[in-house]
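Every read-out reported here was derived from the displayed coordinates using simple, explicitly stated rules and does not represent laboratory data. Worth saying up front: this structure is predicted, and the values here are computed from it rather than measured. All Cβ positions, even for glycine, are placed from backbone atoms using ideal geometry, and neighbour counts span all protein chains on display.
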Amino acid sequence: MSKAVIFGCAGPTLSAAERDFFAAERPWGFILFRRNIETPDQVRTLVQAMRDAIDDPEAPVLIDQEGGRVQRLGPPHWPKYPTGRAYADYAANDPLTGQALARLGGRLMAADLKALGINVDCVPVLDVPQPGAHDVIGDRAFGTGFESVARLGRAMAEGLLAGGVLPVIKHIPGHGRATSDSHMALPVVDVPIEDLAAVDFPPFEALSDMPMAMTAHVVYRAIDRRRPATTSRAVIRTIRDQLGFSGLIMTDALEMHALQGSLTERAQRSLRAGCDLVLHCSGKLPDMMLVAEGTGVLRGEARRRADTALRRIARRPEPLDEAEARARFADVFAGLGAVGVDPTERLQ
């Protein structure tokens, strides 16, 4: 049986030690970063090797392919994609076409991923940036209002699903007010629950039917004064009860500096709080061993939610004239300056 964990690996191929570790621990899935990416054939080979290691030909393989500065696949082998804000800017003048473009962006990214064997994309970002917040979200968001974020986020998620790739809504229940980058420090949000319910929660409520969600490593003092969402039973309960999300909940990366304690303790606390899966991204084998010590078998309701999520993967993607769609998409966004890829990636 699978363990309640998603792991990365160190480079573009699996080492013998990594293969043996994965075979012994049997993670539910894997995640790829830019350090794992060279060419299409190399990525396909790596994805197959990961699945072979755990003897699961359909194991989830995840990636963060948002567009803009968070895009693990990029030129010269894959196209650049716009930021979330670029879709919002277009939709501000033409809402219906903006939604159609966001859906098409998701559908095209799904085509890229499916050709490589990748079946989960950690998109869409449903955070609503607020004035004074850290720019870690910034132009990754689909605008600055929850209505725009919800509409365009759903459009992109539906495009991914149509292409046979699962979306992961993030960072639940909302990272848009954080005044620090949770990769580096623990953000604390100290506003009344009414403010969160009015602005931060609505996009996640609107997409509560999606199969998977990723937590925010953020303290919401109105709900839990000490613990970030990832390790807070009260916040996970709020996500389930108030936001109505019944899908699979995975953590953001356990190695981020927002969390405290050993990696073993972080995994244990996340699962005890009610997360279904923990995510570890660095690919460092000694660290993965520590995470594995705090992770048990995926079972019960968590197993049911995981199985339900995977059943949402379309076996036959929606038909698409890919050449025409790519030409149309590129024509619309030609000349936009916000479609580049940040050369410095977190969690290399």
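Here are some notes:
- Ignoring lysines fewer than eight residues from residue 170 along the same chain, the ones with Cα atoms less than 23 angstrom from its Cα are 3, 80, 114.
- From helices alone, the chain scores -11500 deg cm²/dmol at 222 nm; the rule is -39500 (n - 2.57) for each run of n ≥ 4 DSSP H residues, then divide by the residue total.
- Between 211, 57, 75, the GNM of the chain built on Cα springs shorter than 10 angstrom shows 75 fluctuating the most.
- Antiparallel bridge percentage (DSSP; both residues within the range 120-272; nearest 5): 10 percent
- DSSP beta bridge pairing in the chain, given as percent antiparallel to the nearest 5: 15 percent
- Here the range 1-147 is treated with +1 on each Lys and Arg Cβ and -1 on each Asp and Glu Cβ, and its dipole about the Cα centre works out to around 160 debye.
- Only Lys, Arg (+1) and Asp, Glu (-1) charged, at Cβ; the range 177-267 dipole about Cα centre in debye: 340 debye
- Classified by the C-alpha gyration tensor, the range 164-238 has a prolate form. Its axis ratio a/c, with a ≥ b ≥ c, is 1.5 or above, and a/b is larger than b/c.
- Cα lying deepest toward the dipole's positive end in the range 248-299, options 264, 285, 275, charges on Cβ: 275
- For the chain, the relative contact order comes to 20 percent (Cα pairs under 8 Å, sequence separation of at least 6).
- Relative to one another, the C-alpha centroids of the range 1-56 and the range 230-302 are positioned 20 Å apart.
- Given charges at beta-carbon only (K, R positive; D, E negative), |dipole| of the chain in Debye: 680 debye
- Packing-based order for 82-93, 16-27, using average beta carbon neighbours within 10 Å, highest first: 82-93, 16-27
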